[in-house]
Structures are given as C-alpha cells and as structure tokens.
1. Contact list please: Cβ distance under 8 Å, first residue in region 156-168 and under 11 Å from residue 46 (Cβ atoms), second residue within 14 Å of ligand 1 (Cβ to nearest atom) and basic (Lys, Arg), pairs at least six apart or on different chains.
2. Restricting the first residue to region 184-211 and requiring it to be at positive phi, which pairs with a second residue that is open to solvent by 10 Å² or more (accessible area, probe 1.4 Å) and in a loop (DSSP other than H, G, I, E, B) meet a Cβ separation below 6 Å and a spacing of at least six or different chains?
3. I'm checking my understanding of the structure. Among residues of region 68-113 that are outside any loop (DSSP other than H, G, I, E, B) and basic (Lys, Arg), which one is surrounded by the fewest Cβ atoms within 10 Å (Cβ to Cβ)?
4. If you check residue 190 against the conditions, is it among the aromatic types (Phe, Trp, Tyr) and farther than 16 Å from residue 30 by Cα?
5. Residue check: is residue 139 in contact (Cβ under 8 Å) with a residue 60 or more places away in the chain and of a type in the set (A, V, I, L, M, F, W, C)?
6. Among the strands (runs of 3 or more DSSP E) lying completely within region 15-67, list those that include at least 1 residues that are more than 12 Å from ligand 1 (Cβ to nearest atom), open to solvent by 60 Å² or more (accessible area, probe 1.4 Å) and closer than 15 Å to residue 204 by Cβ.
7. Looking at 97, 93, 81 in this structure, which one is within 16 Å of ligand 2 (Cβ to nearest atom), closer than 30 Å to residue 116 by Cα and at pLDDT 95 or above?
Amino acid sequence: MEGIHLNDVHVQFDHPSGITIAVDGVTQRVPPRSFVSIVGPSGCGKSTLLAVIAGLQPATSGSVDINGRRVTGPDRDIGVVFQEDSTLPWRNVSENVEFAMQMAGVSKGERAAKAAAAIELVGLKGFESSYPATLSGGMRQRVALARTLALQPGVVLMDEPFAALDQQTRIFLGAEVRRIWEQTHQTVLFVTHDISEAILLSQQIWVMSYRPGHVIDVIDIDLPDE
Ligand code: ADP
Ligand code: ADP
C-alpha cells in the first residue's frame, strides 16, 4: 500500500443556507515518489481535497491512506506549503526554518544543519540572516518551501504556492520545485489552476470539474528526460 490512496472521499460543508458538496467521491492513487498536479476551476474542490490528505480537514466519508497508514490528522511526514506568505516577520530566514523544526520536535542539535541544507536546496544560501520584509515575494515563498523541506517529509502538498506571485517568478519557482523533486523524490501533490504549469511540472494531472468535487480525468505526462 505504498503511495497515497484516496478511497471514495466525500466532503460536505453544512451552512445556514444549505450544504456544499466540495468533494464528491474521489478514488485515486498517487504513486510513491511521483509528482501529481491537481487542476480545475476555482471552487471545484482542489484545496479541500488537499486539506483532507494533509489531515487538516476530516472527510465526511471515505478515507485516505499514506503508505498504508490511515490519515487521521496532521502528521510529521506530510509537509504543506500554502499560497499565503506564512513567514514570521520578526525571525530571519534561518530562524523561520528552525522555528518550524522546533515546533515539530526536531532536537536542537539537528536543527542548524537541517536548516542550512534546506536553505541551500531552495537557493537561499547567503540570505540566512535576512528578514522576510527585506525579501521579495518569491524569496519569501522559498523560505516557506525550505521550512517544509527541512522536516524531510515523505509527502509534500502544495496549494497554489506561487499563485500570488508574478508570472515570471511563478515559472521560475515552478522549475525550482521540479528540480528539488528530482533531487529528493518526495511524493508531491501540487494544486494549481494553471494547466500549463501542471503540464510543465508533473508526471500526472488530475483534472477536477465544474461539477464540483469530481476528478473527471487523469492525464499521464511523458517526460522526455525519463
Ligand atoms: P478550489 O480549491 O478548487 O478553489 P475549494 O476546495 O476551496 O475549491 O472549495 C470547494 C467548495 O467548497 C467551494 O464551493 C467552497 O466555497 C466550499 N468550501 C470550501 N471550504 C469551505 C468551508 N470551510 N465551509 C464552507 N464551504 C467551504
Ligand atoms: P525568485 O523567486 O526567482 O527569487 P524574485 O522576484 O523573488 O524571484 O527575485 C529575483 C531575484 O532578485 C532573486 O533571485 C534574487 O537573486 C534577487 N533578490 C530578490 N530580493 C532580494 C533581496 N532582498 N536582496 C538581494 N537580492 C534579492
């Protein structure tokens, strides 16, 4: 049972004006060490599906298993990167990365070396002492990426991590994520509303539809270099 298995996942939100079905019976598998993108229009359920896999949103019914273990809540082995800039402004780059490790219970002795490695991996070497306010939006998202990667999770979930950035930076950072994946071979699930970004980065694309909550197609991309 390697990889991520989604078993008939349903998510329903109840609110005063009725119910919203955000995910409507998704059964899919993410092969271990693969790079899968989820694309679809706004509101089709991409973020909700990712949140279920991250253990941040309980499924109304159905289940998610990662490497044979049922997801019941957030887990150290699942890293998440969101669109919003989540750097802590009063901590420099190193401290941002180390603080996340401290929260995750990484011993003090291990933190500095792991932070340095992650900072180098995302191309921020030389910026260890910089504060987020002095960095561009793209570089702040690199910090967010480093913070997640420093924990060396087996699974990395990204929810439109670069959507708030200009297109050039987005393309550049997309290529960086791809390069990092080629080095680490973590299992990556990448949510984007940009189909060309998905084609460029991933090995497989799940297309979600305007009939919300459904994966209507799975596209396998043949990569020339593999
Ligand atoms: P996407 O990421 O594809 O834009 P979402 O997963 O964010 O889609 O949302 C899917 C649907 O679920 C939308 O109709 C959205 O309004 C609704 N939804 C998402 N989160 C909540 C919530 N916490 N409460 C109520 N409705 C929600
Ligand atoms: P990227 O996401 O590729 O870093 P940015 O738009 O964030 O793109 O920045 C472009 C380049 O400008 C960076 O690669 C970096 O070399 C440089 N840069 C951005 N912010 C700073 C800064 N605060 N100090 C020095 N160089 C910076």
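The values are calculated or read from the model by the stated rules, or taken from the named source; none is laboratory data. A quick note: this is a predicted structure, and the numbers were derived from the prediction, not measured. Note that we place each Cβ from the backbone using ideal geometry, even for glycine, and neighbour counts take in every protein chain shown. We work out accessible area using only protein heavy atoms, side chains counted, and drop any ligands, DNA or RNA first. Shrake-Rupley method; radii C 1.70, N 1.55, O 1.52, S 1.80 Å.
1. 159/46
2. What qualifies is 185/33.
3. We begin by selecting, within region 68-113, every residue outside any loop (DSSP other than H, G, I, E, B); these are 69-70, 78-81, 93-103, 108-113.
Still in the running and basic (Lys, Arg): 69-70, 108, 111.
Numbers: 69: 11, 70: 11, 108: 9, 111: 19.
Looking at residues that are outside any loop (DSSP other than H, G, I, E, B) and basic (Lys, Arg), I get 108.
4. Details: among the aromatic types (Phe, Trp, Tyr): yes; farther than 16 Å from residue 30 by Cα: no.
No: the conditions fail for residue 190.
5. Values: in contact (Cβ under 8 Å) with a residue 60 or more places away in the chain: no; of a type in the set (A, V, I, L, M, F, W, C): yes.
Against the criterion (in contact (Cβ under 8 Å) with a residue 60 or more places away in the chain and of a type in the set (A, V, I, L, M, F, W, C)), residue 139 does not qualify.
6. On the way: elements: 18-30, 35-39, 61-66.
It comes to 18-30.
7. Just a single option satisfies the conditions, and that option is 93.
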